[in-house]
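See structure below.
The values are calculated or read from the model by the stated rules, or taken from the named source; none is laboratory data. Keep in mind that this is a model prediction, so the values were computed, not measured. Please note: Cβ atoms are built from the backbone with ideal geometry, for glycine as well, and neighbour counts cover all protein chains shown. Protein only, heavy atoms only, side chains kept; ligands, DNA and RNA dropped before computing areas. Shrake-Rupley method; radii C 1.70, N 1.55, O 1.52, S 1.80 Å.
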Amino acid sequence: MLPFLIIFIPIIGGLLTVALKLEDRIRDRFVLAVTVLTEILVLFLYTFLRDTGVVVLQYPKLLPPFGISFRIDWLSVVLVTIASSIWLLVTIYSFDYIKPSKNINRYHAFTLITLGATLGTLLAGDLVTLFLFFELMSFSSYVLVIHEGDPQAMRAGFLYLIMTIGGGLAFLFGVLAVYQMTGTVAFTAGGFLTSSSALSLGAFIGFLIGFGMKAGMFPLHVWLPEAHPVAPSPSSALLSGVMLKIGAFGLLRVIFNVYEFQFLKEVGWINYLLVAAILTILLGSIFAIMQKNLKRRLAYSSVAQMGYILLGMALLSEQALIGDVFHIFTHAIMKSCLFLVSGTMILLTGKTEIDDFKGIGRRMPISMACFTMASLSMIGIPPFNGFLSKWFLGLGALEVNQPLSAIVLLVSSLLNAVYYLPIVINAFFKQEEHDFSQISDPSPKMLIPVVVLAIATVFFDIIPVNVLLNLSEVTAAALFGGGPGL
Amino acid sequence: MVTQSSIIPLLVVALPLLGAGVVAYSARWGSAVRAGVANLLTFGTVLLTVWQFLLVQSGRVLVYTLDWYVGFGLYWRVDFLSAVFAVIVALVWLLSTLFAVEYMAHEHQQTRFFVASIFTLGSTLGVFLAGDLLSLFLFFELMTFAAYLLVIHEENADALRAGNVYLFMSVIGGLFLLGSIFFIQHTVGNTAYAPVLEQLVAAGLNPWWLFVVVLLGFGVKAGMLPLHIWLPKAHPVAPAPASALLSALMIKTGAYGFLRFFYVLFTVAPDSRLFFLQEAFGYAFIWIGAITMLGGALMALIHTPMKRILAYSSISQMGYILFSLGVGVMLGPDGAWGLAGAWMHMINHAFFKSFLFLLAGAVYLQTGELDLTKLGGLKRHMPVALGFFLVAAGGITGVPGFNGYVSKILIHEGILHAFELKGWSSLLWLERVFVFTGGLTAAYISKIWIKTFFGKPKQDWSQVQDLSAGQRGIFGVYTFILLGIGLAAQTRVNQLTLPALGITEFNPLDLEHLGQVPFWSLHELQGPLLSYGIAGATLLFQALFGRYFTVPRWLSVEFLVYQPLYRGARGFFNLLGAWGLGIQATFARLNTLRKAKQKPKRTRTWSGTWSLANWLTNRTNLLFDTVVIVIVLLAVVVLIFVR
């Protein structure tokens, strides 16, 4: 029952938000209550997992002939946790952020529905269930992208929609092909598909396109920098922090639970992903450097960082996979922090270009300090989280004899520095060009989530018992077919 | 050697790192309390380092591990080398912080300065006390970023530009270091200070690439030519107490890194077939050191802002250190002289260079001027400052009785020793470069004090007062240290240098000779005389003909290498950007042409006018991405098929 509750409580909560037309304050509390409840239920999954090991729940009567199934293993639980935690923080932030705009009910409703769909995607036990929630997530997040409703947002939303549908179709082709070949679509530990037929390759490429689209993989990233700047900042934080990871998650499932990863390595298909990942890292960073718009730069940075994650799984080494899962955590934390702070800046000043924010750090020191911490973590400076993921990814690359990938990681760190540090330097040390005398740090509701996220960027590198790292290790071990729970 | 687990190294690092927060908090009770807290913390750190030194001196190696520090753990390992330098770092930091209280009184953002300074102290100590490369890297990066706040303190355009150069070069250096750490961790499984070269080569790594990577990793911080360009920009723009710390201590982390790498990590047994590598690395270092020392000294000679001269002087002095390090590395077990000279010079330079920078700060505090062409005639107004300046000058130029003399003798003997053993005539030429640079050093230092204190006053100095009592106290301590090392040369060598040589195996005969260096022999005493002779000739030459010799701008590395690189990168991105704009303009033009023909239609909001041109105009970025995508994909396809 637990997966059902986790998925449908937010979805029903979202529908209720629209249906009941509650008064503003009560609605906010209601939304918060639903999100907190979901988070608590998600934490229960751990006890579930610890007591019973991997659980596959099947409901063949629902939606025949495939049925619906859920799979609770380390990968899904870990990602569900990060998704719902980020969601909670962003929701707290969004109450004050969204206040000045229209259609607040719609915003909150679709945020909740998207939460439910996202969690559903993560908990899905087979490809069809995954596909269902994946599409639901894509469509409901479309409403978040076009929230502002201005022509720009509509255009970006349109692009997002088209590409998502295209990606979805490619994914669907993959699902059908897998079903055609094996007669099953359920995720299996260690994978079940080892056919090297053309259809199999087509399915793999379909998955690559479908999930790569979502993950912002290089040739398919174009929707991402269009959609992020126009979406409200909390939505950008969710898009970048959580929903991009769904693409990565889907690919992890495909590589480890549909195909046998050894097989992918032998036939060399994984190299397509490897090349795409390296291109994503380098070109994402290069595009980011060229951007003048703050959120667009952050969006391209997301592209580059997703490249790290794709690289981590394409290397197929356990150490790289630890770094990979850890980077999913880390990037979710730091990128949502960055987007939330940039949202604060944009909301308070009405400016969007990086050069407009000169000297703003003196006016809102706490927010910008958080931004700085997240930026340093992005660059991968110890003792921030980003360093740890870079460390594991780099060692993993060397482990499978891919020094080039390790060098790409280092070069990309430099490029990260080139586009993040000027923002920080501008904000703290340059003279103000616009009058920011009225501006100060925002209300606690908007500040606390940011501070929590910023502390998290350093916290999970220096605490004695590093929960996130341990989880990443367990997950990686589980995917590689060892360790507890599988 | 007894290894003992002790928490003191952790405390030494943690006290200032955490103390930075206390300083920030204490600022609310006023500047006096803040300054008091900052000084108290630094003093506490001095006491801890001294305690640690005493423990280490009794023959122990202190280690401490925080193995829960995710995945790999943080290690401290304090041997004699680390312990000595920790004391020096803390001591110089204390003197400079004491000086800063008065110097910074009229500056803005004082709290930030003190917080950053104390934090940098902690991270710098961390670099010297770290027990493996990864821990070293952590503190190295912390130091880089904390010191950035010191560099850009003034927040004017110059400072920000210098800060950018500093920051990005340091980040690049850090990444090279991280790269080398990756390879070591991957091959060896840990990054402890132990010989790894044979394993690395056995794993199929090219040792020359490794050498270059390590060179770039620490060379930026060490101000090695041609990676030095950040240094003469960043050190002069920082406030004087910060410049003192940057120049005297922070750049030593680079030398220290080289020391650990080339005396521990990259050493092989002399009978190994890889010994030729160590020899080659050492020989390369000697050349790098010689170029750095000569280049730095020449640049110092032609500049007139006092702090910039001192910054170039730091480069030159780092050249001495690298030079001597190279001698030691090249000779392997016979290289005791080389290491002793480098080590002693690291210590001495820390003292006399911070002394000089603080004196420059004291002059600036009174006159508001640092350019030598605008100073002059201060001797009547600041006689005490002149006296202290002469002491510092004695230190850096190696006048017998002052500390610089000690290390210069060791370095000089080291290179002669190398020549004796190897018999390569190039080594003799390098020795001449060393002597000549000594002369140039004396020349530029003399230029500073002559042009500042003597000659005709170029401005009205009637408001200028001599050093305050506090400054006299600080400079008195410096004088005491400089003379204390210089006058008791042999004792200090025995105390500070001989135990430090324990990091690797050396020929006992050399160690014995080091125990009885003929510091006061007539032969050695000729060195400083020669230096001053060259200095006099140089200054005379410069005074007579200097105006005919202007160094052209195109001769600098910055102009030759870095600016083209930077422009190339900028140009690349601009080109990409212009390309995007051009595409946008083309489509905008198409669009207007098209629109001019038709009547404007009512547009729906959700998709705009649905025409390709219009669509693309509004999506220049998208289009641009698409074009790049097509090109890259084509390239990939071509690459695949060409194979």
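For the full complex of protein chains and a 1.4 angstrom probe, list B:ARG260, A:ARG50 by accessible area with the highest value first.
On the way: B:ARG260 5, A:ARG50 175 Å².
The ordering from most to least exposed comes out as A:ARG50, B:ARG260.
Within segment A:47-67, find all residues whose amide N lies under 20 Å from a label point positioned 7 Å from the Cα of A:PHE8 along Cα-to-beta-carbon.
A:56-67
Kindly rank B:534-545, B:311-322, B:427-438 from highest to lowest mean number of other beta carbons found within 10 Å of each residue. Kindly include the intermediate steps, with their values, before the conclusion.
Numbers: B:534-545: 14.5, B:311-322: 28.6, B:427-438: 18.8.
The densest-packed peptide leads the list: B:311-322, B:427-438, B:534-545.
Count, for each residue of A:381-394, the Cβ atoms from other chains sitting within 10 Å of its Cβ, then give me the mean as a whole number.
Counting Cβ atoms of other protein chains within 10 Å of each residue's Cβ and averaging gives 4.
Give me the one-decimal nm value for the distance between modelled label points at A:ASN470 and B:LEU421, 7 Å along each residue's Cα-to-Cβ direction.
5.2
Quick check: convex hull over the Cα atoms of the protein assembly as shown, volume per residue in Å³, rounded to an integer?
Spread over its residues, the Cα hull of the protein assembly as shown gives 196 Å³ apiece.
Work out, step by step, the length gained on full extension between A:VAL400 and A:GLN58: first 0.36 nm times the residue separation, then minus their alpha carbon distance; give nm to one decimal.
So the chain would gain 119.4 nm between A:VAL400 and A:GLN58.
Starting from the 7 Å offset along Cα-to-Cβ, what nm value, one decimal, do you get for the label separation of A:THR188 and B:ILE631?
So the two model labels end up 4.6 nm from each other.
Provide the per-residue ³J(HN,Hα) series for segment B:240-249, in order, calculated from phi with Karplus coefficients 6.51, -1.76, 1.60 and θ = phi - 60°, each as a whole number of Hz, with x at glycine and proline positions.
3, x, 6, 4, 4, 5, 4, 6, 7, 10
A:THR349 accessible area, nearest 10 Å², 1.4 Å probe?
Its accessible surface works out to 20 Å², give or take rounding.
As a check on your grasp of the helix formula, calculate [θ] at 222 nm for chain B: sum -39500 (n - 2.57) over DSSP H runs of n ≥ 4, divide by the residue count, round to the nearest 500.
The per-residue figure over chain B is -24000 deg cm²/dmol.
Explain nothing, just the number: relative contact order of chain A, from Cα pairs under 8 Å at least 6 residues apart, as a whole percent.
Relative contact order, chain A: 15 percent.
Before anything else, pin down the relative contact order of chain B: Cα pairs under 8 Å, at least 6 apart, normalised by residue count, whole percent.
About 10 percent, as a whole number.
Using a 10 Å cut-off on Cβ to Cβ distances, tally the other chain neighbours for every residue of B:129-141 and report the average as a whole number. Intermediate values should be presented prior to the final figure.
Values: counts 0, 0, 0, 0, 0, 3, 1, 0, 4, 5, 2, 1, 8.
Other-chain Cβ atoms within 10 Å of each residue's Cβ, averaged: 2.
How much mean residue ellipticity at 222 nm does chain A get from its helices, if each DSSP H run of length 4 or more adds -39500 (n - 2.57) and you divide by all residues, to the nearest 500 deg cm²/dmol?
-25000 deg cm²/dmol, from helical runs alone.
On a 0 to 90° scale, report how tilted helix B:336-367 is relative to the longest principal axis of chain B, with both axes built from alpha carbons and the result rounded to the nearest 10.
Its long axis makes an angle of about 80 degrees.
Against the longest principal axis of chain A, how steep is helix A:74-98, in degrees 0 to 90 to the nearest 10, with axes from Cα atoms?
Long axis of A:74-98 versus the principal axis of chain A: about 20 degrees.
Rank by packing, highest mean first: peptides B:393-401, B:40-48, with packing defined as the count of other Cβ atoms within 10 Å averaged across residues.
The packing order, highest mean first, is B:393-401, B:40-48.
With contacts defined as alpha carbon pairs under 8 Å and 6 or more residues apart, what's the relative contact order of segment A:289-486 in percent?
With pairs under 8 Å counted, the relative contact order is 32 percent.
What are the aspartates and glutamates whose alpha-carbon lies under 18 Å from the alpha-carbon of A:LYS295, with same-chain residues fewer than 8 places away excluded?
Within the straight-line limit of under 18 Å, A:LYS295 reaches these aspartates and glutamates: A:GLU148, A:ASP150, A:GLU226, A:GLU353, A:ASP355, A:ASP356, B:ASP625.
Only bridges whose two residues both fall in the protein assembly as shown count here: according to DSSP, what percent of them are antiparallel, nearest 5? Let's see the in-between values first.
Working: 16 of 21 bridges.
Around 75 percent antiparallel, to the nearest 5.
For a protection proxy built on the mean count of beta-carbon atoms within 10 angstrom, sort B:561-568, A:269-276, A:291-298 highest first, please.
For the peptides B:561-568, A:269-276, A:291-298, the packing ranking is A:291-298, A:269-276, B:561-568.
Could you check the spin-label model distance between B:ALA157 and A:ARG50? Points 7 Å from the Cα along Cα→Cβ, value in nm.
Computed distance between label sites B:ALA157 and A:ARG50 equals 6.2 nm.
Rounding to the nearest 10 and keeping the result within 0 to 90°, find how far the Cα-based axis of helix B:469-487 lies from the longest principal axis of chain B.
The helix B:469-487 is inclined about 70 degrees to chain B.
For the cross-link pairs B:LYS252/B:LYS353; A:LYS430/B:LYS252; A:LYS245/A:LYS351; A:LYS99/A:LYS335, which exceed 20 Å when the distance is taken from alpha carbon to alpha carbon?
A:LYS430/B:LYS252; A:LYS245/A:LYS351; A:LYS99/A:LYS335
Over the whole of A:286-294, what's the average partner chain Cβ count within 10 Å per residue? Rounded to a whole number, please.
If you average over the peptide's residues, the count of other-chain Cβ atoms is 3.
Using only protein heavy atoms and a 1.4 Å probe, report how much of A:ASP435 is accessible, in Å² to the nearest 10.
120
For segment B:58-67, in order, what is each residue's ³J(HN,Hα) by Karplus, 6.51 cos²θ - 1.76 cosθ + 1.60 with θ = phi - 60°, in whole Hz (x at glycine and Pro)?
Those phi angles translate into 7, x, 10, 10, 8, 10, 8, 10, 10, 6 Hz.
Considering only DSSP beta bridges whose two residues both sit in chain A, what percent are antiparallel, to the nearest 5? If you can, show how the numbers build up before the last one.
Working: 8 of 9 bridges.
For chain A, the DSSP antiparallel bridge percentage is about 90.
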